[in-house]
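The values are calculated or read from the model by the stated rules, or taken from the named source; none is laboratory data. These numbers were taken from a predicted model, which means no experiment stands behind them. Here the Cβ positions follow ideal geometry from the backbone for every residue, glycine too, while neighbour counts run over all protein chains shown.
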Amino acid sequence: MSIEVQYRNRAKELLSNGEVKLVVGYTGGTTPERRRPVFISSAEQVDRLVLDDLCIANLSGYLVTESLLSDEKSVAVFLRPEGIRSINILAAENQLNPDQIVIFGFEPAGNTIKALDGTNALEFSEFVVSLSENPSVSDSDPVIEKLEKMSAQERFSFWQDEFSKCIKCYACRQACPMCYCRRCIVDCNQPQWINTSPHTLGNFEWNIIRAFHLAGRCVECGNCDRACPVNIPLRLINRRMAVEARESFDHFAGLSMTQEPVLASFKKDDSETFIL
Amino acid sequence: MAKIGVFICHCGENIAGKVDTSRLAAALGDHPGVSVSVEYKYFCSDPGQESVKKAIRENHLTGVVVAACSPRMHEATFRKACAEAGLNPYLCEIANIREHCSWVHSDGDMATDKAIDITRSMVEKVKRNNMLQPIEVPVTRRAMVIGGGIAGIQAALDIASAGQEVVLVEREPSLGGHMAQLSETFPTLDCSQCIMTPRMVEAAQHPNIRLLTYAEVEHVDGYIGNFKVRVRMKSRFVHMDKCTGCGDCYLKCPVKKIPSEFDCGLGKRTAIYTPFAQSVPNNPVIDKTNCIYFKNGKCKLCQKACAADAIDFEMQDEFLELEVGAIVVATGFQVQNTAMYGEYGYGKYADVITGLQFERLASASGPTAGKILRPSDQKEPEHIVFIQCAGSRDPSKGVRYCSKICCMYTAKHAMLYAHKVQGGKTSIFYMDIRAGGKGYDEFTRRAIEEDEASYLRGRVSKVWEENGKLMVRGVDTLLGRPVEIAADMVVLATAMVAQPGAKEFAKTIGIGYDEYGFYNEAHLKLRPVESSTAGIFLAGTCQSPKDIPDSVAQASASASKVLALFSKDRLEREPVIASCNEATCAGCWGCVLACPYNAIEKKDILDRSGRVIKQVASVNPGLCQGCGTCVTFCRSNSIDLAGFTEKQIFAEVMGL
């Protein structure tokens with residue numbers, strides 16, 4: 001039995017016996033190679049669920065939709081390993097109760113996918129620890145290698161070119177499961193720290209602030225990168241910040257539901273090279 | 001409409017010598033919203049302050065900027081002046097054009113341009129300042145003194161004698177610290193224990209002092225006037241309420257050869273022990289690592305010997321949560337381990353000892369009952385070589401600073417030796433004789449002139465053993481020739497260093513420390529007994545090397561600071577505190593974790609039927625210290641700091 005059928009059956013079972021009120025999953029998209037999110041709330045609709053290696057979006061962001069979980073009923077969600085880490089962060093940051101989340105986990109295996117054991121985020125603890133021990137740098141990006149070799153000045157002009165394309169649509173923010181603030185800092189206008197108009201200064205301000213807000217929180221699911229309509233390689237920034245968090249503070253985002261945010265916590269052995 | 005007054009201070013030549021103050025005044029006079037822009041030689045002077053007040057009244061100013069020295073210097077002065085003229089003091093700001101400008105630049109024109117920028121940006125800030133009212137917090141009139149050496153005891157006694165409660169915490173089983181280990185004390189040669197033990201007893205019996213020995217401070221929360229301290233009462237395995245201090249237990253203890261810490265390893269003690277005969281309290285403790293019962297489950301001889309049934313092997317550590325208003329830190333020092341001087345042979349030759357070990361040999365309560373005997377063969381030494389600065393003033397191997405007491409105690413050692421061993425010869429290698437203090441120089445002269453100590457100015461290069469003698473090779477720089485002495489004993493005047501855990505402990509209680517681990521005073525000259533944390537004071541050698549008179553003086557000084565704090569019921573605090581916008585807070589608790597003062601709490605937002613809709617951060621104004629860490633962390637910009645609001649800071653930046 002394929003995973004798709006397995007999970008359809010599970011979804012049907014959970015929805016019929018009322019264990020979950022909603023299943024957040026994937027269905028066919030506008031073209032054959034695309035998948036889009038689908039929200040299934042009755043057992044009759046489970047056949048709409050599709051699961052294959054084209055399902056790449058991190059769906060955890062939908063779980064923090066305002067008042068979705070406030071009735072204390074459970075929701076099932078299809079998650080890749082990054083998505084499970086997102087659940088850990090959202091739980092650590094008090095944005096959801098992990099006991100309300102039923103996880104349909106899967107991970108890529110060659111050209112196909114395989115199911116992950118477990119349903120509650122806690123059951124994936126060991127799995128997530130194993131992820132942290134083998135960070136997936138294997139899919140090395142030629143652009144990253146190119147960037148690493150650049151001088152600071154060259155890198156600056158590289159980003160200046162990339163950011164010049166930004167149209168301030170904030171699709172990256174909307175797609176990101178970590179951007180759950182009711183009011184984003186870019187929406188503050190008293191004072192207006194970040195210029196809203198899409199010129200160089202404002203674009204730098206937005207993207208740098210975004211990088212800092214995601215430092216130690218980004219699980220590199222790629223939602224922002226895929227969402228960007230002008231193809232700014234946002235994954236490169238996220239990767240850089242993830243490497244910084246790991247190298248400076250031995251921090252792997254989403255390691256557990258009790259993990260402290262790297263920029264808000266202080267450990268006595270933190271490197272303090274910036275303090276004289 | 002803003003009416004800002006700008007007052008530009010010359011600070012004599014300090015500012016006006018570099019910055020063109022007339023150009024500055026003219027530039028600010030043209031700045032939008034500025035009604036008054038004047039300069040004066042010294043605005044902090046009485047007529048200077050009067051002119052500020054007059055300008056406020058006459059021009060109905062809505063804000064004041066004083067372009068002068070650092071706000072650390074005179075912010076309070078000018079805010080007070082503004083308040084006296086009827087302006088809310090928090091509508092007054094200082095533009096620092098001295099430390100940040102005139103003192104650090106050489107080009108006058110550019111410095112003036114910068115001064116204009118600094119002052120303008122402050123004007124922009126003041127336009128957005130709000131009137132703030134001081135916060136009042138209650139004061140818990142109970143002090144904690146950490147450390148039961150002479151400094152801690154003195155501070156505790158002074159505070160207690162003034163009628164305030166004191167909790168005195170000592171981590172060792174007995175009060176006394178290093179002073180209890182000393183033999184006689186310079187410059188009067190009175191017996192250390194004879195003057196120390198009565199003070200220890202007085203502290204233990206004082207009705208206002210609660211004595212906690214064998215106890216360690218684990219955690220400090222709160223702020224001036226309202227500290228919460230967690231103290232670990234280490235298990236003594238002896239019930240103090242039952243123990244009579246008879247000593248039967250340690251007479252029976254079969255483990256008798258543990259090197260005594262109190263005797264610096266020269267004497268031995270048992271596994272159940274009191275550190276010394278005059279210990280206060282006189283109740284023993286069981287040293288778990290050496291006790292046979294704790295090692296293999298058999299023995300309990302002490303329990304059988306105890307008529308009072310005071311010994312309890314099941315005893316566990318207990319924790320006390322104490323509320324205190326002020327803390328005096330008197331955690332003392334350690335003697336530096338001299339093993340880094342391989343050439344002096346400390347640790348290799350039994351008769352090379354430290355100054356503190358010599359104190360134990362010379363002490364009547366010591367392992368030799370006050371006789372100066374060589375540790376190796378218990379013979380009386382005929383010739384002792386003292387090596388001063390064995391660690392101090394040595395940047396390459398030891399510490400850079402002078403330990404301050406070694407010149408004096410070495411002279412004292414020479415004197416004690418001369419008094420106890422007739423005909424004994426003393427040679428002292430020294431770098432300088434530092435004997436500043438009442439009666440100190442006379443004391444060292446006495447050691448040289450009456451007790452015939454031979455002082456050799458120079459360093460020792462090597463000590464080795466030959467035919468039962470310790471050969472000391474050094475140089476006498478005054479005669480310009482090498483010296484070789486066959487000695488029976490070598491005493492190293494080792495450096496005073498901070499306690500091994502001093503830095504960790506400073507972090508626990510939240511005070512600053514220097515590169516060596518000594519605790520930082522708020523101002524070396526003008527606030528020498530205050531730490532940088534309000535309500536925490538320093539006494540004794542935890543701050544820097546000191547002798548007994550200095551430690552006692554500093555202890556009394558910190559006691560007087562504590563008493564001044566306790567003289568009021570309530571304390572006024574700056575209203576510079578954070579507040580949270582509950583509408584936009586996402587409740588991620590980043591600020592709760594980031595806050596170093598535990599001042600942010602979680603608050604439930606309820607709907608009409610009492611159901612929790614969401615949780616948000618809420619700042620406790622009593623605990624908040626206004627550091628702003630939460631503000632920088634908050635991703636949704638939901639926390640703001642009064643006096644330094646985002647609007648103010650933004651205006652300040654844009655004013656540049």
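In the stretch B:514-525, the residues that are more than 14 Å from B:Q554 (Cβ to Cβ) form Cβ pairs under 6 Å with partners that are small (G, A, S) and not in a loop (DSSP other than H, G, I, E, B), at six or more places apart or across chains, as follows: B:Y516/B:A498; B:G517/B:A498; B:G517/B:A502. Only strands (runs of 3 or more DSSP E) whose full extent lies in the stretch B:598-643 are considered here, and none of them has at least 2 residues that are at positive phi. Here the condition is being in the same structural domain as A:N97 (by TED's automatic domain parsing), under 16 Å from the mean Cα position of the chain (by Cα) and among the acidic types (D, E); of A:E66, A:E82, it holds for A:E82 alone. For the stretch B:294-312, filtering for residues that are part of a loop (DSSP other than H, G, I, E, B), touching a residue at least 12 places away in the same chain (Cβ under 8 Å) and loosely packed, with under 13 Cβ neighbours inside 10 Å leaves 2.
Checking the stretch B:604-623 against the condition returns a match, with at least one residue being over 30 Å from A:L96 (Cα atoms) and either more than 9 Å from chain A (Cβ to nearest Cβ) or touching an Asp or Glu at 6+ places or on another chain (Cβ under 9 Å) (or both). The condition of being crowded, with 17+ Cβ neighbours inside 10 Å, free of Cβ contacts under 8 Å to residues at least 60 places away in the same chain and out of contact with any Lys or Arg (no Cβ under 7 Å at 6 or more places or on another chain) holds for only one of B:K114, B:K127, that being B:K114. Counting only helices (runs of 4 or more DSSP H) that sit wholly inside the stretch A:98-211, those with at least 3 residues that are within 30 Å of A:S74 (Cα to Cα) are A:125-133, A:171-175.
Here the condition is being basic (K, R), crowded, with 24+ Cβ neighbours inside 10 Å and in contact with an Asp or Glu (Cβ under 7 Å, 6 or more places away or on another chain); of B:K412, B:K404, it holds for B:K412 alone. Please find, among A:L90, A:L96, the residue that is surrounded by 16 or more Cβ atoms within 10 Å (Cβ to Cβ), within 14 Å of chain B (Cβ to nearest Cβ) and in contact (Cβ under 8 Å) with a residue 60 or more places away in the chain. After applying the criteria, what remains is A:L90.
Among the residues of the stretch A:225-253, those identified as under 17 Å from the mean Cα position of the chain (by Cα), of a type outside the set (A, V, I, L, M) and either modelled with pLDDT of 95 or more or closer than 21 Å to A:W159 by Cβ (or both) are A:D225, A:R226, A:C228, A:P233, A:R235, A:N238, A:R239, A:R240. Just one of the listed residues (B:Y214, B:Y223) is out of contact with any Pro (no Cβ under 9 Å at 6 or more places or on another chain), crowded, with 18+ Cβ neighbours inside 10 Å and not aliphatic (A, V, I, L, M), and it is B:Y223. Contact map, the stretch B:313-340: residues that are at pLDDT 95 or above and among the hydroxyl-bearing types (S, T, Y) paired with residues that are surrounded by 15 or more Cβ atoms within 10 Å (Cβ to Cβ) and assigned to a strand (DSSP E or B), Cβ distance under 9 Å, separation 6+ or inter-chain. Pairs shown: B:T331/B:I146; B:T331/B:A498; B:T331/B:Y519. With respect to the conditions (1) more than 13 Å from chain B (Cβ to nearest Cβ); (2) modelled with pLDDT of 90 or more; (3) under 24 Å from A:F156 (Cα atoms), A:P198 lacks only one, and its number is (2). Residue count for the stretch B:574-584 under the criterion of being within 11 Å of chain A (Cβ to nearest Cβ) and either among the polar types (S, T, N, Q) or closer than 17 Å to B:G628 by Cβ (or both): the result is 2. Name the single residue, out of those in the stretch A:212-252 being touching an Asp or Glu at 6+ places or on another chain (Cβ under 8 Å), among the aliphatic types (A, V, I, L, M) and in a loop (DSSP other than H, G, I, E, B), that is nearest to the other protein chains (Cβ to nearest Cβ). Among them, the one singled out is A:A215. A residue that is assigned by TED's automatic domain parsing to the domain that holds B:S403, within 30 Å of B:E380 (Cα to Cα), surrounded by fewer than 21 Cβ atoms within 10 Å (Cβ to Cβ) and hydrophobic (A, V, I, L, M, F, W, C) occurs nowhere in the stretch B:254-266.
The single residue among A:S41, A:S125, A:S130 that is over 17 Å from the mean Cα position of the chain (by Cα) and in contact (Cβ under 8 Å) with a residue 60 or more places away in the chain turns out to be A:S125.
Quick grid of which residues meet (1) out of contact with any strand residue (DSSP E or B) (no Cβ under 6 Å at 6 or more places or on another chain); (2) under 25 Å from B:E521 (Cα atoms); (3) not polar (S, T, N, Q):
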position	(1), (2), (3)
B:K546	yes, yes, yes
B:A557	no, yes, yes
B:A578	no, no, yes
B:A586	yes, no, yes
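Report yes if B:C101 is touching a Gly at 6+ places or on another chain (Cβ under 8 Å), buried (at least 23 other Cβ atoms within 10 Å of the Cβ) and not β-branched (V, I, T), otherwise no. When the stated conditions are applied, B:C101 does not pass them. Counting only strands (runs of 3 or more DSSP E) that sit wholly inside the stretch B:456-505, those with at least 2 residues that are over 30 Å from B:E216 (Cα atoms) and of a type outside the set (G, A, S) are B:460-466, B:469-476, B:481-487, B:489-494. Give me the pairs, please: first residue somewhere in the stretch A:188-203 and surrounded by fewer than 12 Cβ atoms within 10 Å (Cβ to Cβ), second residue anywhere and in a helix (DSSP H, G or I), beta-carbon distance under 8 Å, and either six or more positions apart or on two chains. Going by the 8 Å Cβ cut-off, the qualifying pairs are A:Q190/B:E646; A:Q190/B:K647.
Of the residues making up the stretch B:384-433, those that are polar (S, T, N, Q) and under 25 Å from B:L479 (Cα atoms) are B:Q388, B:S392, B:T410, B:T426, B:S427.
Among residues of the stretch B:526-543 that are closer than 25 Å to B:V335 by Cβ and assigned by TED's automatic domain parsing to the domain that holds B:I327, those with a Cβ under 6 angstrom from a residue that is modelled with pLDDT under 95 and of a type outside the set (D, E, K, R), sequence gap 6+ or separate chain, pair up as B:S531/B:I511; B:L538/B:S531. Only one of the listed residues (B:L168, B:L211) is modelled with pLDDT of 95 or more, more than 30 Å from B:I577 (Cβ to Cβ), within 18 Å of the chain's Cα centre (by Cα) and part of a strand (DSSP E or B). That residue is B:L168.
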